[in-house]
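What follows is a set of notes on a single structure, which appears directly below.
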Amino acid sequence: MKYSVLMSVYNKEKPAYLEASLRSMVNQTVKPDEIVIVKDGKLTEELDLIINKFIESESTLFKLLSLEKNVGLGKALDAGLAICKNELVARMDSDDISLEKRCEMQLLLFNKDKELDIVGTMIDEFYDEPKNIISSRIVPLKNHDIKKFIRRRSPFNHPTVMYKKSEVIRVGGYGELRRKQDLDLFSRMINNNCKGENINEALVLFRSNEDNFKRRKSWSYCKSYVLAQYTIWKRGHCNIVDLTIVTLGQIIMFVSPMWLLKWLSNNFLRKTYKPEIGR
């Protein structure tokens, strides 16, 4: 089965992170048919050098779309999705790392169940070096559990998903929200009869640091999350209790001191990583 990779890059990305991310997709055990890179506005010279290096080494693999100005992740991904030539599209963030068997395992599921529309995986979060794993984000495995989970939280780790292009376009793509557009998209997909599943294995390494906590504690993040949940509620895809719990949860995280935010995240939103004996 052939598939495309979809990635958006903007000027604040770090060149070394982008290089590691692209290399992880080029080195998949089942290689992609194309890698679509959307330049979301003008990039730095260093980022352009990284992209051009990959294009020069594998010119037939890469497809580049340059946007005149920064439009945000959702709109950039919609623009890139439109030019993907394959039905199956693997999302990839420009600072994360996919394990080499990630796409092979997702393709196996799509091949096994033709009704599947979106397949994700667990993620391991790391600081600084990929070996320094600090936590994991665990999401539900089967479609019936995904339907329940999505009423209050995203049931997919966005950088891990592979989905059918036609189904994403059918439900309206990433939409108009500037942030949390992935949650909105997944809600529209699952509530419009798309079938989803997650692989019970961390196949993407997610780059995390102190800035991630600061971002999640910011008022803009809080407001964006509540707006996304309100949009989902207005659509009838969750009830007022779900909306209230999510809103209160985001406000608590916003007003909490950093130590409490980390405690809440590690104990309720993430699974703390514990290395196995002899690992």
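Inspect all residues belonging to region 132-146 and state whether any of them is touching a Lys or Arg at 6+ places or on another chain (Cβ under 6 Å), surrounded by fewer than 20 Cβ atoms within 10 Å (Cβ to Cβ) and hydrophobic (A, V, I, L, M, F, W, C).
For region 132-146, residues touching a Lys or Arg at 6+ places or on another chain (Cβ under 6 Å), surrounded by fewer than 20 Cβ atoms within 10 Å (Cβ to Cβ) and hydrophobic (A, V, I, L, M, F, W, C): present.
Evaluate the following for residue 51: is it open to solvent by 40 Å² or more (accessible area, probe 1.4 Å) and assigned to a helix (DSSP H, G or I)?
So residue 51 fails the test.
Go through (1) in contact (Cβ under 8 Å) with a residue 60 or more places away in the chain; (2) open to solvent by 50 Å² or more (accessible area, probe 1.4 Å); (3) out of contact with any strand residue (DSSP E or B) (no Cβ under 6 Å at 6 or more places or on another chain); (4) not in a helix (DSSP H, G or I) and name the single condition residue 69 misses.
Of the numbered conditions (1) in contact (Cβ under 8 Å) with a residue 60 or more places away in the chain; (2) open to solvent by 50 Å² or more (accessible area, probe 1.4 Å); (3) out of contact with any strand residue (DSSP E or B) (no Cβ under 6 Å at 6 or more places or on another chain); (4) not in a helix (DSSP H, G or I), the odd one out for residue 69 is (1).
Going residue by residue through region 39-52, is there one that turns out to be under 19 Å from the mean Cα position of the chain (by Cα) and either charged (D, E, K, R) or closer than 23 Å to residue 205 by Cα (or both)?
Within region 39-52, one or more residues are under 19 Å from the mean Cα position of the chain (by Cα) and either charged (D, E, K, R) or closer than 23 Å to residue 205 by Cα (or both).
Any idea how many residues of region 214-251 are among the hydrophobic types (A, V, I, L, M, F, W, C), open to solvent by 60 Å² or more (accessible area, probe 1.4 Å) and at pLDDT 85 or above?
Final tally of qualifying residues: 7.
Could you please find all residues in region 120-160 being among the basic types (Lys, Arg) and either assigned to a loop (DSSP other than H, G, I, E, B) or under 19 Å from residue 237 (Cβ atoms) (or both)?
Across region 120-160, the qualifying residues are 131, 142, 147, 148, 151, 152, 153.
Among all residue pairs at least 6 apart or on different chains, which show Cβ distances below 7 Å where the first residue, located in region 5-28, is among the small types (Gly, Ala, Ser) and the second is in a helix (DSSP H, G or I)?
Taking only residues 6 or more apart or on different chains, the pairs are 8/73; 8/76; 8/77; 8/80.
One residue is enough: does region 106-120 have a residue meeting the conditions in contact with a Cys (Cβ under 8 Å, 6 or more places away or on another chain) and open to solvent by less than 40 Å² (accessible area, probe 1.4 Å)?
Yes, region 106-120 contains a residue that is in contact with a Cys (Cβ under 8 Å, 6 or more places away or on another chain) and open to solvent by less than 40 Å² (accessible area, probe 1.4 Å).
The values are calculated or read from the model by the stated rules, or taken from the named source; none is laboratory data. Fair warning: this is a prediction, and the values are worked out from it, not measured in the lab. Neighbour counts run over all protein chains shown; Cβ positions are idealised from the backbone, glycine included. We work out accessible area using only protein heavy atoms, side chains counted, and drop any ligands, DNA or RNA first. Shrake-Rupley method; radii C 1.70, N 1.55, O 1.52, S 1.80 Å.
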